[in-house]
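The values are calculated or read from the model by the stated rules, or taken from the named source; none is laboratory data. A quick note: this is a predicted structure, and the numbers were derived from the prediction, not measured. Don't worry about glycine lacking a Cβ; one is built from the backbone with ideal geometry, like all the others, and counts go over all protein chains shown. The protein model used for the area step is the full one, side chains on, heavy atoms only, and it has no ligands, DNA or RNA in it. Shrake-Rupley method; radii C 1.70, N 1.55, O 1.52, S 1.80 Å.
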Amino acid sequence: MTTTATGVDLALLHRLLDVDEDDTPDVLVRTARDHGWSFPALVLSAFARDGMALGSGSSDELNRTTTRRTLYAGVLAGLSARVPVNVLKGPSIARHYPDGLVRAVGDLDLVVADEEALWRAVRAVLELCPVEAVGVSVYGHPEQHLIIDLAWPGADPFLDKEHRVELSTAAFPGDQGSVPVRVPLPADPVTSDLLAVAEERFQRAFTAKDLVDVAVLAPLVRSGADVAAAAVEWNLAPELLELLELAAPETDLGGLADALPPLRDSAARERERRLAWSSPEPPDDPIAAALAAGREVGGLLLREERRDDMTRSRVLRYDGGVVMETPVGDYLMVDHPEVTQEQYDRALAELDRVDADRAGGA
């Protein structure tokens with residue numbers, strides 16, 4: 001059995017998934033599927049690296065995963081040539097995996113400097129990729145940030161997730177409450193990747209894939225104390241501590257183990273800070289109130305329209321609703337999943353009225 005410098009091998013995968021090493025390969029692969037759609041690719045690549053012949057189905061699954069990564073790499077290269085972007089998680093972590101091991105990349109998560117750069121990046125992705133849907137969301141209070149989600153079908157739409165490029169004007173969205181939006185990334189890319197994995201705890205429990213990421217990143221850490229200090233600055237000490245304590249029994253943390261003692265103290269202080277936090281007085285406007293409460297406000301596409309000369313979005317407020325005009329289309333902004341036909345029709349009527357007023361003033 002092959003063992004790598006990072007300790008990522010079939011033995012680790014069996015331990016993380018609680019599968020006996022004497023079980024047949026299909027047991028490990030089936031169990032990996034229970035831990036997320038992307039994890040089986042890593043397991044299959046580990047079997048292949050150890051000399052086991054894959055069948056036609058598993059070979060195709062692994063090939064689609066590597067093709068997806070290659071596609072994202074091409075998108076990133078083409079996009080970076082036009083707009084400065086920073087990569088979060090996915091490809092940034094995958095490049096550190098040992099030769100022969102394949103970390104699936106579901107989405108391409110990118111951070112840009114400001115809204116003008118965001119829309120330049122969106123236009124670039126629309127030119128580079130066969131995008132079929134563009135989602136717009138707003139989050140953050142009092143400063144507001146945008147997330148633009150661009151999606152198109154996977155290579156096998158019946159088996160694969162959609163391709164997705166997500167662009168944002170802030171690196172870390174927080175927990176929609178006591179942990180605020182944090183705009184910048186740490187200067188050290190490895191620290192950024194570790195904190196990005198820790199940030200995922202606000203959306204879900206940590207998984208085996210997260211622990212493998214830690215095993216891969218740990219040997220690259222230059223100073224565990226610096227990582228712990230960054231976790232304090234980015235309000236992530238409790239989450240990073242939980243992640244490392246889960247990983248420690250399974251893999252060698254190396255210098256990253258030095259982060260554990262200071263993290264225990266700082267995590268306790270951060271939990272106390274969160275308990276003492278209280279939400280601000282909600283504004284009268286329902287959308288502003290949702291943002292103040294930490295909820296993301298999503299956009300329902302009303303009409304698609306490319307405006308190449310538009311560099312920033314415009315917000316139209318009217319009695320009963322808010323519409324955002326963007327360089328790619330107009331969206332009814334709501335903080336709940338259901339929109340009535342009346343709300344939809346009213347928003348379109350408001351857009352028609354605004355268009356008529358602008359035409360009259362031209």
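Tell me, yes or no, whether the stretch 267-283 has at least one residue that is touching a strand residue (DSSP E or B) at 6+ places or on another chain (Cβ under 6 Å) and among the acidic types (Asp, Glu).
No, the conditions are met nowhere in the stretch 267-283.
Let's see how each residue does on (1) open to solvent by 10 Å² or more (accessible area, probe 1.4 Å); (2) part of a strand (DSSP E or B):
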| residue | (1), (2) |
| --- | --- |
| Glu143 | yes, no |
| Ile148 | no, yes |
| Gln176 | yes, no |
| Pro180 | yes, no |
| Leu185 | yes, no |
| Asp193 | no, no |
| Arg201 | yes, no |
| Leu217 | no, no |
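In the stretch 280-305, how many residues are assigned to a loop (DSSP other than H, G, I, E, B), touching a helix residue (DSSP H, G or I) at 6+ places or on another chain (Cβ under 8 Å) and either open to solvent by less than 70 Å² (accessible area, probe 1.4 Å) or within 23 Å of Leu348 (Cβ to Cβ) (or both)?
2
For Glu233, all conditions in the list (1) acidic (Asp, Glu); (2) closer than 20 Å to His35 by Cβ; (3) surrounded by fewer than 22 Cβ atoms within 10 Å (Cβ to Cβ) hold save one; what is the number of the exception?
The number of the failed condition is (2).
For the structure I just gave you, tell me whether Asp345 is modelled with pLDDT under 90 and out of contact with any Ser or Thr (no Cβ under 8 Å at 6 or more places or on another chain).
No: the conditions fail for Asp345.
Which one of Asp226, Asp265, Asp252, Asp258 is part of a loop (DSSP other than H, G, I, E, B), open to solvent by 40 Å² or more (accessible area, probe 1.4 Å) and out of contact with any Asp or Glu (no Cβ under 6 Å at 6 or more places or on another chain)?
After applying the criteria, what remains is Asp252.
Would you check if there is a residue in the stretch 106-129 being within 30 Å of Met52 (Cα to Cα), modelled with pLDDT under 95 and surrounded by fewer than 16 Cβ atoms within 10 Å (Cβ to Cβ)?
No.
Take the conditions in contact with a Leu (Cβ under 8 Å, 6 or more places away or on another chain), among the acidic types (Asp, Glu) and either outside any helix (DSSP H, G or I) or surrounded by 14 or more Cβ atoms within 10 Å (Cβ to Cβ) (or both) and apply them to Asp330. Does it pass?
It is true that Asp330 is in contact with a Leu (Cβ under 8 Å, 6 or more places away or on another chain), among the acidic types (Asp, Glu) and either outside any helix (DSSP H, G or I) or surrounded by 14 or more Cβ atoms within 10 Å (Cβ to Cβ) (or both).
Only residues that are in contact with a Leu (Cβ under 7 Å, 6 or more places away or on another chain) and acidic (Asp, Glu): list them for the stretch 285-306, please.
Answer for the stretch 285-306, where residues must be in contact with a Leu (Cβ under 7 Å, 6 or more places away or on another chain) and acidic (Asp, Glu): there is none.
Quick one: what pairs do we get from the stretch 210-223, first residue among the polar types (S, T, N, Q), second in a helix (DSSP H, G or I), C-beta under 9 Å, 6+ apart or different chains?
Within 9 Å, the pairs are Ser223/Ala229; Ser223/Gly255; Ser223/Asp258; Ser223/Ala259.
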